Amino acid sequence: MDAEGQESFREFVANRSSALLRTAVLLSGGDRHAAEDLLQSALVKAAGRWNRIDEPEAYVRRILYRQQVSRWRLKWRRRELSVAETPETRTATGTAADATSAAELRLVMRGALARLTDRQRTVLVLRYFEDLPESEVARVLGCSVGTVRSTTHRSLARLRTLAPELELLGPAGAERQPSRDFSPVEVRP
(Lines give C-alpha, C1' and ligand atoms only; values in the text may rest on other atoms or scores of the structure.)
Protein backbone atom coordinates (compact mmCIF):
# COMPACT_ATOMS: atom_id res chain seq x y z
CA MET A 1 0.00 0.00 0.00
CA ASP A 2 1.36 3.39 -0.98
CA ALA A 3 1.49 6.45 1.31
CA GLU A 4 -1.76 7.87 -0.06
CA GLY A 5 -3.52 4.54 0.51
CA GLN A 6 -2.18 4.34 4.06
CA GLU A 7 -3.45 7.82 4.81
CA SER A 8 -6.92 7.10 3.41
CA PHE A 9 -7.06 3.82 5.35
CA ARG A 10 -6.11 5.60 8.59
CA GLU A 11 -8.76 8.22 7.90
CA PHE A 12 -11.38 5.55 7.26
CA VAL A 13 -10.52 3.72 10.48
CA ALA A 14 -10.59 6.95 12.49
CA ASN A 15 -13.95 8.02 11.05
CA ARG A 16 -15.86 4.72 10.81
CA SER A 17 -14.42 2.35 13.42
CA SER A 18 -16.92 3.28 16.14
CA ALA A 19 -19.93 2.54 13.90
CA LEU A 20 -18.33 -0.69 12.70
CA LEU A 21 -17.56 -1.69 16.29
CA ARG A 22 -21.23 -1.22 17.27
CA THR A 23 -22.22 -3.62 14.50
CA ALA A 24 -19.51 -6.08 15.56
CA VAL A 25 -20.71 -5.93 19.19
CA LEU A 26 -24.23 -6.81 18.07
CA LEU A 27 -22.96 -9.61 15.85
CA SER A 28 -20.90 -11.06 18.68
CA GLY A 29 -23.78 -11.04 21.13
CA GLY A 30 -22.58 -8.14 23.24
CA ASP A 31 -19.09 -9.55 23.82
CA ARG A 32 -16.96 -6.45 23.29
CA HIS A 33 -13.67 -8.37 23.23
CA ALA A 34 -14.92 -10.73 20.53
CA ALA A 35 -16.29 -7.72 18.65
CA GLU A 36 -12.92 -5.97 18.76
CA ASP A 37 -11.24 -9.12 17.46
CA LEU A 38 -13.85 -9.43 14.71
CA LEU A 39 -13.40 -5.81 13.64
CA GLN A 40 -9.62 -5.95 13.83
CA SER A 41 -9.38 -9.00 11.61
CA ALA A 42 -11.86 -7.43 9.16
CA LEU A 43 -9.76 -4.27 8.98
CA VAL A 44 -6.58 -6.31 8.45
CA LYS A 45 -8.24 -8.11 5.53
CA ALA A 46 -9.45 -4.80 4.09
CA ALA A 47 -6.02 -3.20 4.43
CA GLY A 48 -4.52 -5.86 2.19
CA ARG A 49 -6.90 -4.91 -0.64
CA TRP A 50 -7.36 -1.24 0.20
CA ASN A 51 -6.31 0.20 -3.17
CA ARG A 52 -8.78 -2.09 -5.01
CA ILE A 53 -11.84 -1.38 -2.83
CA ASP A 54 -14.54 0.86 -4.31
CA GLU A 55 -16.81 1.14 -1.26
CA PRO A 56 -14.68 0.61 1.86
CA GLU A 57 -17.44 0.60 4.49
CA ALA A 58 -19.62 -1.86 2.59
CA TYR A 59 -16.58 -4.05 2.01
CA VAL A 60 -15.57 -4.08 5.70
CA ARG A 61 -19.16 -4.75 6.81
CA ARG A 62 -19.38 -7.68 4.41
CA ILE A 63 -16.15 -9.06 5.90
CA LEU A 64 -17.64 -8.68 9.39
CA TYR A 65 -20.76 -10.60 8.41
CA ARG A 66 -18.89 -13.36 6.65
CA GLN A 67 -16.43 -13.79 9.49
CA GLN A 68 -19.33 -14.08 11.91
CA VAL A 69 -20.94 -16.68 9.65
CA SER A 70 -17.65 -18.59 9.53
CA ARG A 71 -17.50 -18.43 13.30
CA TRP A 72 -20.85 -20.11 13.80
CA ARG A 73 -20.22 -22.56 10.99
CA LEU A 74 -17.10 -23.70 12.83
CA LYS A 75 -19.34 -24.37 15.85
CA TRP A 76 -17.33 -22.43 18.37
CA ARG A 77 -18.42 -23.02 21.91
CA ARG A 78 -20.86 -20.41 23.04
CA ARG A 79 -19.98 -18.47 26.14
CA GLU A 80 -22.59 -19.22 28.76
CA LEU A 81 -24.13 -16.27 30.54
CA SER A 82 -23.86 -16.06 34.26
CA VAL A 83 -27.01 -15.72 36.31
CA ALA A 84 -26.23 -12.06 36.91
CA GLU A 85 -26.25 -11.36 33.16
CA THR A 86 -29.55 -12.95 32.21
CA PRO A 87 -32.44 -10.71 31.19
CA GLU A 88 -34.65 -12.26 33.87
CA THR A 89 -32.46 -10.65 36.54
CA ARG A 90 -33.11 -7.23 35.05
CA THR A 91 -36.46 -5.55 35.54
CA ALA A 92 -37.94 -2.85 33.34
CA THR A 93 -38.55 0.48 35.02
CA GLY A 94 -41.87 0.96 33.25
CA THR A 95 -41.97 4.77 33.46
CA ALA A 96 -41.85 6.81 30.28
CA ALA A 97 -40.21 9.76 32.02
CA ASP A 98 -37.50 7.64 33.58
CA ALA A 99 -34.17 8.40 31.94
CA THR A 100 -32.87 4.92 32.65
CA SER A 101 -35.58 3.21 30.57
CA ALA A 102 -33.60 3.52 27.35
CA ALA A 103 -30.50 2.11 29.02
CA GLU A 104 -32.60 -0.70 30.50
CA LEU A 105 -34.00 -1.50 27.07
CA ARG A 106 -30.47 -1.71 25.64
CA LEU A 107 -29.34 -3.97 28.47
CA VAL A 108 -32.32 -6.29 28.12
CA MET A 109 -31.91 -6.38 24.34
CA ARG A 110 -28.18 -7.06 24.58
CA GLY A 111 -28.77 -9.88 27.07
CA ALA A 112 -31.50 -11.42 24.93
CA LEU A 113 -29.41 -11.16 21.76
CA ALA A 114 -26.48 -12.78 23.55
CA ARG A 115 -28.64 -15.79 24.37
CA LEU A 116 -29.63 -16.34 20.72
CA THR A 117 -27.53 -18.59 18.51
CA ASP A 118 -24.91 -16.88 16.37
CA ARG A 119 -26.97 -17.48 13.23
CA GLN A 120 -30.17 -16.05 14.76
CA ARG A 121 -28.33 -13.02 16.11
CA THR A 122 -26.61 -12.37 12.76
CA VAL A 123 -29.88 -12.51 10.81
CA LEU A 124 -31.59 -10.10 13.23
CA VAL A 125 -28.68 -7.67 13.19
CA LEU A 126 -28.58 -7.64 9.40
CA ARG A 127 -32.36 -7.30 9.01
CA TYR A 128 -33.17 -4.81 11.75
CA PHE A 129 -29.99 -3.03 12.82
CA GLU A 130 -28.43 -2.76 9.36
CA ASP A 131 -31.90 -2.57 7.75
CA LEU A 132 -30.99 -4.86 4.87
CA PRO A 133 -33.72 -6.43 2.75
CA GLU A 134 -34.18 -10.20 2.92
CA SER A 135 -32.57 -10.72 -0.49
CA GLU A 136 -29.42 -8.84 0.57
CA VAL A 137 -29.20 -10.78 3.85
CA ALA A 138 -29.54 -14.02 1.89
CA ARG A 139 -26.77 -12.93 -0.48
CA VAL A 140 -24.44 -11.90 2.35
CA LEU A 141 -25.03 -15.12 4.31
CA GLY A 142 -25.01 -17.38 1.26
CA CYS A 143 -28.46 -18.88 1.83
CA SER A 144 -31.94 -18.63 0.32
CA VAL A 145 -34.45 -15.88 1.01
CA GLY A 146 -36.76 -18.51 2.52
CA THR A 147 -34.05 -19.45 5.01
CA VAL A 148 -33.66 -15.80 5.99
CA ARG A 149 -37.43 -15.48 6.48
CA SER A 150 -37.77 -18.61 8.57
CA THR A 151 -34.69 -17.80 10.64
CA THR A 152 -35.99 -14.27 11.22
CA HIS A 153 -39.38 -15.60 12.31
CA ARG A 154 -37.87 -18.16 14.70
CA SER A 155 -35.34 -15.65 16.03
CA LEU A 156 -38.02 -13.08 16.83
CA ALA A 157 -40.15 -15.73 18.52
CA ARG A 158 -37.18 -16.81 20.63
CA LEU A 159 -36.34 -13.19 21.42
CA ARG A 160 -39.91 -12.65 22.66
CA THR A 161 -39.59 -15.77 24.82
CA LEU A 162 -36.21 -14.77 26.24
CA ALA A 163 -37.20 -11.19 27.00
CA PRO A 164 -40.97 -10.71 27.22
CA GLU A 165 -40.38 -7.35 28.88
CA LEU A 166 -39.22 -5.99 25.49
CA GLU A 167 -42.86 -5.87 24.41
CA LEU A 168 -43.61 -3.44 27.23
CA LEU A 169 -40.73 -1.10 26.42
CA GLY A 170 -40.85 1.21 23.44
CA PRO A 171 -37.93 2.33 21.29
CA ALA A 172 -37.04 5.24 23.57
CA GLY A 173 -38.24 3.72 26.79
CA ALA A 174 -41.88 4.70 26.28
CA GLU A 175 -44.33 2.30 27.79
CA ARG A 176 -46.75 0.53 25.47
CA GLN A 177 -49.18 -2.30 25.77
CA PRO A 178 -48.08 -5.78 24.74
CA SER A 179 -49.54 -7.05 21.50
CA ARG A 180 -49.65 -10.38 19.76
CA ASP A 181 -49.30 -8.96 16.27
CA PHE A 182 -46.11 -7.06 15.51
CA SER A 183 -47.21 -5.97 12.03
CA PRO A 184 -46.63 -2.26 11.37
CA VAL A 185 -50.14 -1.73 10.00
CA GLU A 186 -53.12 -2.32 12.22
CA VAL A 187 -56.09 -3.80 10.39
CA ARG A 188 -59.47 -2.83 11.78
CA PRO A 189 -62.74 -4.59 10.87
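The values are calculated or read from the model by the stated rules, or taken from the named source; none is laboratory data. Predicted, not measured: the structure shown is a model, and the values here were computed from it. For neighbour counting, all protein chains shown are included, and Cβ atoms are generated from backbone atoms with ideal geometry for every residue, glycine included. Calculation scope for accessible area: heavy atoms of the full protein, side chains included, ligands and nucleic acids excluded. Shrake-Rupley method; radii C 1.70, N 1.55, O 1.52, S 1.80 Å.
Computed quantities for the displayed model
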read-out: Separation in nanometres of the label points that stand 7 Å from Cα toward Cβ, at residue 41 and residue 14; value: 2.8 nm
read-out: Surface accessible to a 1.4 Å probe, residue 145 within the full protein complex, Å²; value: 50 Å²
read-out: Charge tally in the Cβ shell below 14 Å around residue 135, where Lys, Arg are +1 and Asp, Glu are -1, residue 135 excluded; value: -1
read-out: Solvent-accessible surface (1.4 angstrom probe) belonging to residue 54, in square angstrom, nearest 10; value: 140 Å²
